[in-house]
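The values are calculated or read from the model by the stated rules, or taken from the named source; none is laboratory data. Predicted model only: the values in this text are computed from it and were never measured. Here Cβ is always computed from backbone atoms with ideal geometry, including for glycine, and neighbour counts include all displayed protein chains.
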Amino acid sequence: MNATNKLVLKLGVLVIGMFGFAFALVPLYDLFCEITGLGGDTGGQYTYDVAQLTPDKSRLVKVNFITNTNDGMVWEFESEKGGMRVYPGELREMNFVVRNPTDRPMVGRAIPSVVPLSATDHFHKTECFCFEQQYLGPGEEAVWPMRFLIAPELPKNVQSINLSYALFDVTELAGADFGLARSPSEG
């Protein structure tokens, strides 16, 4: 095997490795957060009977909503309000507005994070766009609701919580699930 063929082989392996890494990035992030407890992932879907909860009216907790997109995501993404005050044990809703400014359909995935870490097990979503990948057509705009509550067991010293969403473009990974087959000209 000559030097040119070796170089081509090495570059081919590198390209395949990079593609595999990009394909596995979101699931690897989820696994990393689950194993280490880092990343401030929220307590997930709330499984308690919300009707049986009594809000703790003795205190209010400030919840700040922070949105951002990764470098490859061109969607516009923001919460309707920057924050709100809530009673622990009270079911609340926040809407997030998203817009696909491109001329092509895309699929996005939002990854949540909560700070401080002591609040992650007490911040529960009953409905969230982050539970599934989201499709938007060209120029389409949507309002994504997120219903949540903070468990009354939240430590008393936690007075403010930041819920942050990072929005990723997963079109290439999930496109087939949404009927977005790549054309041969897209390579």
Taking S118 as meeting all but one of (1) over 22 Å from P155 (Cα atoms); (2) without any contact (Cβ under 8 Å) to a residue 60 or more places away in the chain, write down the number of the exception.
-> (1)
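Assess whether V107 counts as being among the β-branched types (V, I, T), buried (at least 17 other Cβ atoms within 10 Å of the Cβ), closer than 22 Å to N162 by Cα and assigned by TED's automatic domain parsing to the domain that holds G139. Give the derivation first.
Working: among the β-branched types (V, I, T): yes; buried (at least 17 other Cβ atoms within 10 Å of the Cβ): yes; closer than 22 Å to N162 by Cα: no; assigned by TED's automatic domain parsing to the domain that holds G139: yes.
No.
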Just give me the residues in region 70-86 being touching a residue at least 60 places away in the same chain (Cβ under 8 Å) and within 18 Å of V115 (Cα to Cα), in sequence order.
-> V86
Filter region 92-119 for residues that are out of contact with any Gly (no Cβ under 7 Å at 6 or more places or on another chain) and among the aliphatic types (A, V, I, L, M) and give the result.
-> M94, V97, V98, M106, A110, I111, A119
Here is a list of conditions, (1) under 15 Å from A119 (Cβ atoms); (2) modelled with pLDDT under 95; (3) not in a loop (DSSP other than H, G, I, E, B), and D56 meets all of them except one; can you say which number that is?
-> (3)
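So is R85 at pLDDT 95 or above and under 15 Å from N162 (Cα atoms) or not? Walk me through it before giving the result.
Numbers: at pLDDT 95 or above: yes; under 15 Å from N162 (Cα atoms): yes.
So R85 fits the description; yes.
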Residue count, region 121-138 (criterion: over 23 Å from L53 (Cβ atoms) and in contact (Cβ under 8 Å) with a residue 40 or more places away in the chain) | 3
Considering residues of region 112-134 that are closer than 17 Å to P88 by Cβ and hydroxyl-bearing (S, T, Y) only, the residue surrounded by the most Cβ atoms within 10 Å (Cβ to Cβ) = T120
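So which of G40, G12 is modelled with pLDDT under 95 and more than 21 Å from the chain's Cα centre (by Cα)? Step through it out loud before you land on a result.
Details: G40 fails: more than 21 Å from the chain's Cα centre (by Cα).
When all the criteria are applied, what remains is G12.
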Selection from region 104-162 of residues modelled with pLDDT of 95 or more, assigned to a loop (DSSP other than H, G, I, E, B) and among the acidic types (D, E) yields E140
